[in-house]
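Visitor: Shown below is the structure under consideration.
The values are calculated or read from the model by the stated rules, or taken from the named source; none is laboratory data. Being a predicted model, the structure only gives us computed values, none of them experimental. Please note: Cβ atoms are built from the backbone with ideal geometry, for glycine as well, and neighbour counts cover all protein chains shown. Heads up: the accessible areas ignore ligands, DNA and RNA and are worked out on the full protein's heavy atoms, side chains in. Shrake-Rupley method; radii C 1.70, N 1.55, O 1.52, S 1.80 Å.
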Amino acid sequence: MTKKEQQNVTPYKWVGKKNPPVENHRFVLGSGTYVDDIKMDNMHHAALVPSPYAHAAIKSIDTSEALNVPGVIAVVTGEDIVQSTNPLKQYLEIPGVDWYPLAAGSVKYAGEWVAAVVAEDRFIAEDAAELVKVEYEPLPNVLDPEKAMSDNAVPVHDKHPSNIMWQRKFTWGEVESDFNDSDDEIEFRCRWNRNSTVPLETFGVITKWDEGRKILDVWASIQMPQYPEQIAEALKIPLNCVRVHYDVDVGGSYGVKRGIKHTVLVGYISKRYGVPVKLIEDRLENMRGSDMHGPDRIFDVKAAFDKNGKINSLKMRTIDDEGAYPGRSPLQMGKPIGAIVGAYKIKSVEYEGVAVTTNKTGQVAVRGFGQSPTNFAIEMAVDKVAKKLGLSPIEIRKQNFIQPQDFPYQIPSGTTYDSGDYPAVLNKALKLANYEKLLKWQEEERKKGRMIGIGVATCIEPGGGNALFEPLLNPKNDKTTFPESCQVKVDQKGKVTASIAFSSAGQGHQTLVATILAEELNIDRDDIRVVYSDSLSSLPSQSPVASRMAIVLGGATSGAARRIKDKMIKIAAHNLNEPPEQLYWDGSTVKCNNNSHKELTWDEIVKIAHITYHKMPEGMDPGIQSQFVLEVPTGGTLPTPDGKVQMYPCYSFSAHIPVVELNPDTGKVEFLNYYIADDCGTVINPDIVKGMVVGGVAHGIGAALYEQFSYDNNGQMIAQTFMDYLLPSTMEVPHIDIVKHCTPSPLTSMGQKGVGEGGYMSAPAAIVNAVNDALVPFDSEISHVPITPYDVIQKIFINKGGTHIV
Amino acid sequence: MSNHKVQIEVNGKNIEAEVSGRTHLADFLRNNLNLTGTHIGCEHGVCGCCTVLMDEEPIRSCIILAVQADGHKIKTVEGMSEINQETGKRELSNIQKAFWEGHGLQCGFCTPGMLLTTEALLAENPDPTDQEIREALSGNICRCTGYLQIVEAVKLAAKMNKNSTLVYLPEEV
Ligand code: FES
Ligand code: FES
């Protein structure tokens, strides 16, 4: 080991060490508890009636036949819901744009729910749903977001004549003069088509209203900030009447498990009809009517640069097709503001976002919250500048990187990046890929006619979830608090239990908390229990979004553990008759600096706290317990009126180098290798981090090459099943080689940063750059995702003198 | 809807039941037998979440009917671990231990299907290459892991099967 490497070895005993995640036990047993595994007495089931039209007025709904089916207890329509509930929360609060669980008055996309049938059995509910007769009057629809923006477009929401839900142009720095002063510029359009992370478990929820206790109990497959608040608000009941049970395993989410409309619907039914109700989407429901699609964007990008490759300024306009209900999704154009220059020292930026409604299913938060599409546009711009100047993708990046000595570094939009060493990480990736040799090999193979592409992307992953895009896009919403909390207790037998207040979807939060507690308290990780509480017995939480749990929950856990230690030291000081400053932890025993005979073990202190109160310092509470609520580091400040904002606290970084081969006959893009160097600060559990990075890449491969929710001209979604919405399998996701780097964050308890989204934020950019590198000899380029075999073949065909494949 | 009597051996236990003709095997296992380890991801035969073994062969329990399983032997994830009669403790199979140890999962939703497909693979090919593992698992989608740690877990399981002294996790859990 070199000296430098020695220095990098952490002093930790548990943190960063390979130690199988604790959650894995129940999952390999098959004893995870997902929402559909939960059953209760008298449980009823809801089935949905979807709209066959993309846009239509609802003329009448005849529920009589369905109601006659034995076992059916109710058929609920939009009118019932509108009368009894508040509209679902949408973060822009646009007058005339109301969203309810069931359509009222008109349907705004094909698949939108029109009615719900409630029955004692799911078969009965589904059968009866087919008997609900809805009379529609079809209306013209609008599907293209740019057409939807025009003055004479059909309004999706008739009470809001314009389909533009939000539009704002930000200018940070001297954009015009930087453009004028630069030697050259490029301009292009690129397109990120509609996809989503599509977990294998669909969304599901069970609600039960207890009239005696006045509590709505909720079990759901959920990953969503402010879920209990929004349920209470929509159902017009006090927040302390809603109890969301978080001890439910979520079968994947990656941002999208936000079934608020489902929950309000069944919550309403439970309360109104006095029965527990379960709603589990089937796959079609999930894909078509769940309002769970991801960003759908057109980018227009300009970059100004000097001959030496220095990029000076950037202009980016993005139009996002939100679908029918904007919900929370326009905020996904806000988050990238906190990393709008990527990893590069670009002096000034003009950024315009436009959120547009169309007659498609609504969008929701997807892994990365809009950063992945934006990174795709930024990285494409960087490659284009390089190409125009005849520089390599490596040279252009090294030339423009923010340098290690520049941190903390403030980008033009007002966000400060905490730390990083981008050149070192890129160098590690180059070394891993044996880049120079790879280039030579590519040249040789090209001569033989093979279409080999080597892609490079060096992307930022903002982590920590400081939801300041909320006030940025909607100044009426002055929310700046985005905390996480941890409660810890040491019981009478000295065992430690921590409780957290949200559900997990595979991110390993129990392992995270147990590892940090083991480290802080110097006890065995596997003796620690971490439980999920419920929304009534818990402290504030904003749920595991935005790669924030290692950062914020990790910090709260450390904070709670340190309070436990403080108390134990005080108890020891009192009993050893020494000032606390003279005491220190050795293992989990408190020892004394100046007297090696004086010590109190963990168990002895526990006994004093729980049993022998006469030995406690005066006025101290019995027992050993603590809680810690941590605001996101750097949080708590509103954006400035000109739109400068500290978006997130921590900035991870990775360099991706995929090597692809295009098949000239089939157009298939195949991976030969995939190399990553990744820096997410201090790693808490290496297995979990590796899984997050690789899993993110798999999503990125899907977005780049396979997945699209495509619509036909009538607004019918074409890719409705897994036969046509293609999820990458073991055959499409290659082996991936990863090398780690660690630049600790100065803002967190152990130097950790976020890692849940970086793979997804970098892979599409890297893969598109790789495909375009393979197309260099054909003098063509593809600037949209997903890149289909057809796209590739067409480029080859045109290069050979053809015009267009039909 | 017609009802049918079926006799199915599930995890070594003989089950006699009456099921409606349209109940698929996954629903039967989950709802009638409460074996909720079998998960449902698509109900159209693509994702592999619902994979169980029928007479040692992996099948998709969402696209076969319970009546079609009449007279057959079914193994679900619940049947992969066993209670040790002497100690009374539940013991995991090597494949389960390897997926735990190798972190061949995240949310656990695809995991039962992955485990059972792996069991069928290793029964047929005790020492598969990476490529053979990938081919065998190509019908099981995982949205979380990107498969790398799954492939590693399968290799670890193969190693553990061959060398009984290789114990990564406690025998008794
Ligand atoms: S649920 Fe059976 S294959 Fe997807
Ligand atoms: S572990 Fe979540 S789908 Fe595979």
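Visitor: In segment A:32-48, what count of residues is obtained for those that are within 17 Å of A:Gly508 (Cβ to Cβ) and not in a strand (DSSP E or B)?
Guide: Kept after step one, since they are within 17 Å of A:Gly508 (Cβ to Cβ), are these residues of segment A:32-48: A:32-34.
Those left that are additionally not in a strand (DSSP E or B): A:32-33.
Going through segment A:32-48 one residue at a time, the tally reaches 2.
Visitor: Can you find even one residue in segment B:76-83 that is in contact with a Cys (Cβ under 6 Å, 6 or more places away or on another chain) and within 16 Å of ligand 2 (Cβ to nearest atom)? First the steps, then the outcome.
Guide: Filtering segment B:76-83 down to residues in contact with a Cys (Cβ under 6 Å, 6 or more places away or on another chain) leaves none.
Within segment B:76-83 (the criterion being in contact with a Cys (Cβ under 6 Å, 6 or more places away or on another chain) and within 16 Å of ligand 2 (Cβ to nearest atom)), the answer is no, since none of the residues qualifies.
Visitor: Then there's this: If you go through segment A:699-749 one residue at a time, how many are outside any strand (DSSP E or B) and either away from chain B (no Cβ under 14 Å) or touching a Leu at 6+ places or on another chain (Cβ under 9 Å) (or both)? I'd like the intermediate steps shown before the answer.
Guide: Taking segment A:699-749 first, the residues outside any strand (DSSP E or B) are A:699-710, A:712-716, A:718-736, A:742-749.
Remaining after also requiring either away from chain B (no Cβ under 14 Å) or touching a Leu at 6+ places or on another chain (Cβ under 9 Å) (or both): A:702, A:705-710, A:712-716, A:718-721, A:726-730, A:732-736, A:742-749.
Selection size over segment A:699-749: 34.
Visitor: Could I ask something else about it? Here are the criteria: (1) free of Cβ contacts under 8 Å to residues at least 60 places away in the same chain; (2) assigned to a helix (DSSP H, G or I); (3) more than 22 Å from the chain's Cα centre (by Cα). Tell me which single one A:Thr263 does not satisfy.
Guide: (3)
Visitor: So, one more: Within 30 Å of B:Thr145 (Cα to Cα), β-branched (Val, Ile, Thr) and within 16 Å of ligand 2 (Cβ to nearest atom), is that true of B:Ile95?
Guide: So B:Ile95 fits the description; yes.
Visitor: For B:Asn94, state whether it is modelled with pLDDT under 95 and either more than 16 Å from ligand 1 (Cβ to nearest atom) or open to solvent by 30 Å² or more (accessible area, probe 1.4 Å) (or both).
Guide: Working: modelled with pLDDT under 95: no; either more than 16 Å from ligand 1 (Cβ to nearest atom) or open to solvent by 30 Å² or more (accessible area, probe 1.4 Å) (or both): yes.
Judged against the criteria, B:Asn94 is not a match.
Visitor: Of the conditions (1) within 15 Å of ligand 2 (Cβ to nearest atom); (2) surrounded by fewer than 24 Cβ atoms within 10 Å (Cβ to Cβ); (3) over 29 Å from B:Ser20 (Cα atoms); (4) not acidic (Asp, Glu), B:Ala136 satisfies every one except a single condition; which number is it?
Guide: So B:Ala136 meets the others, but not (1).
Here is a yes/no grid of residues against (1) away from ligand 2 (no atom under 16 Å from the Cβ); (2) closer than 30 Å to A:Glu781 by Cβ:
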{"residue": "A:Asp183", "(1), (2)": "yes, yes"}
{"residue": "A:Ser196", "(1), (2)": "no, yes"}
{"residue": "A:Glu201", "(1), (2)": "no, no"}
{"residue": "A:Gly212", "(1), (2)": "yes, no"}
{"residue": "A:Ala234", "(1), (2)": "yes, no"}
{"residue": "A:Gly252", "(1), (2)": "no, no"}
{"residue": "A:Arg272", "(1), (2)": "yes, no"}
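Visitor: Now for a different question. Can you tell me which residues in segment B:98-115 are open to solvent by less than 10 Å² (accessible area, probe 1.4 Å) and either under 20 Å from B:Ser164 (Cα atoms) or more than 12 Å from every other protein chain (Cβ to nearest Cβ) (or both)?
Guide: B:Ala98, B:Phe99, B:Leu115 - these are the residues of segment B:98-115 that are open to solvent by less than 10 Å² (accessible area, probe 1.4 Å) and either under 20 Å from B:Ser164 (Cα atoms) or more than 12 Å from every other protein chain (Cβ to nearest Cβ) (or both).
Visitor: Which of the residues belonging to segment B:98-133 are among the hydrophobic types (A, V, I, L, M, F, W, C), away from ligand 2 (no atom under 11 Å from the Cβ) and over 11 Å from the mean Cα position of the chain (by Cα)?
Guide: B:Ala98, B:Trp100, B:Leu121, B:Leu122, B:Ala123, B:Ile133
Visitor: On the basis of being open to solvent by 10 Å² or more (accessible area, probe 1.4 Å) and among the charged types (D, E, K, R), does A:Lys335 make the cut? Before you say what the answer is, go through the steps one by one.
Guide: Numbers: open to solvent by 10 Å² or more (accessible area, probe 1.4 Å): no; among the charged types (D, E, K, R): yes.
No, not satisfied.
Visitor: Return the only residue of B:Gly37, B:Gly48 being buried (at least 21 other Cβ atoms within 10 Å of the Cβ), outside the structural domain of B:Ser138 (by TED's automatic domain parsing) and on the phi > 0 side of the Ramachandran plot.
Guide: Numbers: B:Gly37 fails: on the phi > 0 side of the Ramachandran plot.
The match here is B:Gly48.
Visitor: Further question on the same structure: Does A:Glu604 satisfy being more than 30 Å from A:Thr197 (Cα to Cα), part of a loop (DSSP other than H, G, I, E, B) and either within 14 Å of another protein chain (Cβ to nearest Cβ) or not hydrophobic (A, V, I, L, M, F, W, C) (or both)? Full working, then the answer.
Guide: Working: more than 30 Å from A:Thr197 (Cα to Cα): yes; part of a loop (DSSP other than H, G, I, E, B): no; either within 14 Å of another protein chain (Cβ to nearest Cβ) or not hydrophobic (A, V, I, L, M, F, W, C) (or both): yes.
No: the conditions fail for A:Glu604.
Visitor: For segment B:116-133, which residues satisfy the criterion of being surrounded by 20 or more Cβ atoms within 10 Å (Cβ to Cβ) and of a type in the set (Ser, Thr, Tyr)?
Guide: Hits for segment B:116-133 are B:Thr117, B:Thr118.
Visitor: How many of the residues making up segment A:773-806 are at pLDDT 95 or above, part of a loop (DSSP other than H, G, I, E, B) and open to solvent by 50 Å² or more (accessible area, probe 1.4 Å)?
Guide: Selection size over segment A:773-806: 1.
Visitor: Next question, about the same structure. Out of segment A:533-569, which residues are charged (D, E, K, R) and either touching a residue at least 24 places away in the same chain (Cβ under 8 Å) or surrounded by 24 or more Cβ atoms within 10 Å (Cβ to Cβ) (or both)?
Guide: Within segment A:533-569, the subset charged (D, E, K, R) is A:534, A:548, A:562-563, A:565-567.
A:Asp534, A:Arg548, A:Arg562, A:Arg563, A:Lys565, A:Lys567 - these are the residues of segment A:533-569 that are charged (D, E, K, R) and either touching a residue at least 24 places away in the same chain (Cβ under 8 Å) or surrounded by 24 or more Cβ atoms within 10 Å (Cβ to Cβ) (or both).
Visitor: Further question on the same structure: Yes or no: A:Ala104 farther than 30 Å from B:Ile95 by Cβ, crowded, with 24+ Cβ neighbours inside 10 Å and away from chain B (no Cβ under 14 Å)? Don't jump to the end; show me each part of the working.
Guide: On the way: farther than 30 Å from B:Ile95 by Cβ: yes; crowded, with 24+ Cβ neighbours inside 10 Å: no; away from chain B (no Cβ under 14 Å): yes.
No: the conditions fail for A:Ala104.
Visitor: Suppose we filter B:Glu82, B:Glu86, B:Glu78 for residues that are open to solvent by 20 Å² or more (accessible area, probe 1.4 Å), within 12 Å of chain A (Cβ to nearest Cβ) and at pLDDT below 95; which single one remains?
Guide: Details: B:Glu86 fails: within 12 Å of chain A (Cβ to nearest Cβ); B:Glu78 fails: at pLDDT below 95.
None of the other options fit; the residue is B:Glu82.
Visitor: Does at least one position in segment A:241-254 carry a residue that is part of a helix (DSSP H, G or I) and in the same structural domain as A:Pro50 (by TED's automatic domain parsing)? It would help to see each step written out before you state the result.
Guide: Residues of segment A:241-254 part of a helix (DSSP H, G or I): A:241.
Among the residues that remain, those that are also in the same structural domain as A:Pro50 (by TED's automatic domain parsing) are: A:241.
Yes, there is a match, as at least one residue in segment A:241-254 is part of a helix (DSSP H, G or I) and in the same structural domain as A:Pro50 (by TED's automatic domain parsing).
Visitor: Output the number of residues of segment B:81-108 satisfying the condition of being free of Cβ contacts under 8 Å to residues at least 12 places away in the same chain and closer than 18 Å to A:Gly506 by Cβ.
Guide: In the first step, residues of segment B:81-108 are kept if they are free of Cβ contacts under 8 Å to residues at least 12 places away in the same chain; the result is B:82-83, B:85-86, B:88, B:108.
Subsequent filtering for residues that are closer than 18 Å to A:Gly506 by Cβ retains B:108.
Number of matching residues: 1.
Visitor: Name the one entry in A:Pro276, A:Pro238, A:Pro330 that is away from ligand 2 (no atom under 16 Å from the Cβ) and buried (at least 24 other Cβ atoms within 10 Å of the Cβ). Working first, answer last.
Guide: Numbers: A:Pro276 fails: buried (at least 24 other Cβ atoms within 10 Å of the Cβ); A:Pro238 fails: buried (at least 24 other Cβ atoms within 10 Å of the Cβ).
The unique qualifying residue is A:Pro330.
Visitor: For the list (1) surrounded by fewer than 24 Cβ atoms within 10 Å (Cβ to Cβ); (2) more than 7 Å from chain A (Cβ to nearest Cβ); (3) of a type outside the set (D, E, K, R), I need the number of the one condition that B:Ala157 fails.
Guide: Unmet for B:Ala157, out of (1) surrounded by fewer than 24 Cβ atoms within 10 Å (Cβ to Cβ); (2) more than 7 Å from chain A (Cβ to nearest Cβ); (3) of a type outside the set (D, E, K, R): (1).
Visitor: While we're on this one: Looking at segment A:655-698, which of its residues are within 14 Å of another protein chain (Cβ to nearest Cβ) and of a type in the set (Gly, Ala, Ser)?
Guide: A:Gly691, A:Gly695, A:Gly696, A:Ala698
Visitor: List every residue pair whose Cβ atoms lie under 8 Å apart, where the two residues are 6 or more positions apart in sequence or sit on different chains, the first residue falls within segment B:45-57 and is within 10 Å of chain A (Cβ to nearest Cβ), and the second residue, located anywhere, is in a strand (DSSP E or B) and within 14 Å of ligand 1 (Cβ to nearest atom).
Guide: Within 8 Å, the pairs are B:Gly45/B:Arg60; B:Gly48/B:Arg60.
Visitor: Test A:Arg194 against the stated conditions and say whether it is over 28 Å from A:Ser313 (Cα atoms), of a type outside the set (A, V, I, L, M) and open to solvent by less than 40 Å² (accessible area, probe 1.4 Å). Break it down into steps so the answer makes sense when it comes.
Guide: On the way: over 28 Å from A:Ser313 (Cα atoms): yes; of a type outside the set (A, V, I, L, M): yes; open to solvent by less than 40 Å² (accessible area, probe 1.4 Å): yes.
Yes; evaluated as a whole, the condition is true for this residue.
Visitor: Report every pair of residues separated by at least 6 positions or lying on different chains whose Cβ atoms are under 6 Å apart, first residue within segment A:597-608 and closer than 16 Å to A:Pro622 by Cβ, second surrounded by fewer than 17 Cβ atoms within 10 Å (Cβ to Cβ).
Guide: Every condition considered, the pairs that remain are A:Ile608/A:Lys615.
Visitor: Considering every residue within segment A:430-449, establish whether at least one is outside any loop (DSSP other than H, G, I, E, B), in contact (Cβ under 8 Å) with a residue 12 or more places away in the chain, within 30 Å of A:Arg243 (Cα to Cα) and assigned by TED's automatic domain parsing to the domain that holds A:Val341.
Guide: no
Visitor: Go over the candidates B:Thr76, B:Thr111, B:Thr118, B:Thr129 one by one and state the one that is free of Cβ contacts under 8 Å to residues at least 12 places away in the same chain and either in contact with a Ser or Thr (Cβ under 8 Å, 6 or more places away or on another chain) or not aliphatic (A, V, I, L, M) (or both).
Guide: Values: B:Thr76 fails: free of Cβ contacts under 8 Å to residues at least 12 places away in the same chain; B:Thr111 fails: free of Cβ contacts under 8 Å to residues at least 12 places away in the same chain; B:Thr118 fails: free of Cβ contacts under 8 Å to residues at least 12 places away in the same chain.
The conditions single out B:Thr129.
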